[in-house]
Amino acid sequence: DAGVIQSPRHEVTEMGQEVTLRCKPISGHNSLFWYRQTMMRGLELLIYFNNNVPIDDSGMPEDRFSAKMPNASFSTLKIQPSEPRDSAVYFCASSSSGRADQTQYFGPGTRLLVL
Amino acid sequence: GNSVTQMEGPVTLSEEAFLTINCTYTATGYPSLFWYVQYPGEGLQLLLKATKADDKGSNKGFEATYRKETTSFHLEKGSVQVSDSAVYFCALTPASGGSYIPTFGRGTSLIVHP
């Protein structure tokens, strides 16, 4: 199994530009999570999808952030317009849903730097 | 709400020393408990887990026991290696509520010197 795939692995952009992060979950997993990790705030859950439907987006910081999951094998996290404070590592994770003992499988992350 | 509290890091040890990283949690019922490890430049990966009281999770020489009476899940290893240097995250997933959204601790950085 290839694991969770994220692209790009690194992104450097200028303030005000649109940024799109991509994620391919593990085949057969029906829960998908987007996280943001910074030194200041640690690991934050941004949004959680179950069966392609957003279940909890309370962690999305503001309207500049949006996430979609058009099918079971693909999700995007978009930031428009980007700001320097969005600089962080963004992780996608997937799991089988329906039970509390399910392990989360994390991708390698996208390291975003907004100048 | 649910919460996970880990000891502040960094924890600095010499090779072959004994390791303990404390983790306590707040949750109703019997959540599932996890330790994840994050090596530099990588995503988190499962180290071990326990799903009911008194269960012991173990992997790669690491162990943690689910203690309901003290709401704890402390991570231990008898003899650490330089390759164990990483950040360790304690986490829980609630047993009920239907959403199974995990709660993570802040992470504890471990540095092992030769």
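The values are calculated or read from the model by the stated rules, or taken from the named source; none is laboratory data. Since this is a predicted model, take the numbers as computed values, not measurements. Methodologically, a virtual Cβ is constructed for each residue, glycine included, from the backbone with ideal geometry; neighbour enumeration extends over all protein chains shown.
Mind listing whichever residues of region A:20-59 are in contact (Cβ under 8 Å) with a residue 40 or more places away in the chain, farther than 20 Å from A:L112 by Cα and facing chain B (nearest Cβ under 9 Å)?
A:S31, A:N50
Is it the case, given these coordinates, that B:S96 is surrounded by fewer than 20 Cβ atoms within 10 Å (Cβ to Cβ), polar (S, T, N, Q) and farther than 24 Å from B:E16 by Cβ?
yes
If B:E69 satisfies all but one of (1) of a type outside the set (G, A, S); (2) part of a loop (DSSP other than H, G, I, E, B); (3) in contact with a Gly (Cβ under 7 Å, 6 or more places away or on another chain), what's the number of the condition it fails?
Failed condition: (3).
For region B:72-93, does any single residue satisfy the condition of being under 30 Å from A:D56 (Cα atoms), of a type in the set (S, T, N, Q) and part of a loop (DSSP other than H, G, I, E, B)?
no
Examine region B:39-46 for a residue that is surrounded by 17 or more Cβ atoms within 10 Å (Cβ to Cβ) and part of a strand (DSSP E or B), and state whether such a residue exists.
no
Which of the strands (runs of 3 or more DSSP E) contained wholly in chain A include at least 2 residues that are surrounded by fewer than 19 Cβ atoms within 10 Å (Cβ to Cβ)?
Qualifying strands (runs of 3 or more DSSP E): A:5-7, A:10-13, A:19-24, A:42-50, A:53-56, A:65-71, A:74-79, A:110-114.
Count, please, the residues in region A:70-103 that happen to be more than 14 Å from the chain's Cα centre (by Cα), among the charged types (D, E, K, R) and over 30 Å from B:C90 (Cβ atoms).
Residues meeting the conditions: 1.
Quick check: is even one residue across region B:15-30 more than 12 Å from the chain's Cα centre (by Cα), under 13 Å from B:S72 (Cα atoms) and surrounded by 15 or more Cβ atoms within 10 Å (Cβ to Cβ)?
The answer is yes, given that some residue of region B:15-30 is more than 12 Å from the chain's Cα centre (by Cα), under 13 Å from B:S72 (Cα atoms) and surrounded by 15 or more Cβ atoms within 10 Å (Cβ to Cβ).
From (1) more than 11 Å from the chain's Cα centre (by Cα); (2) at pLDDT 95 or above, pick out the condition that doesn't hold for A:P25.
Just one mismatch for A:P25, condition (1).
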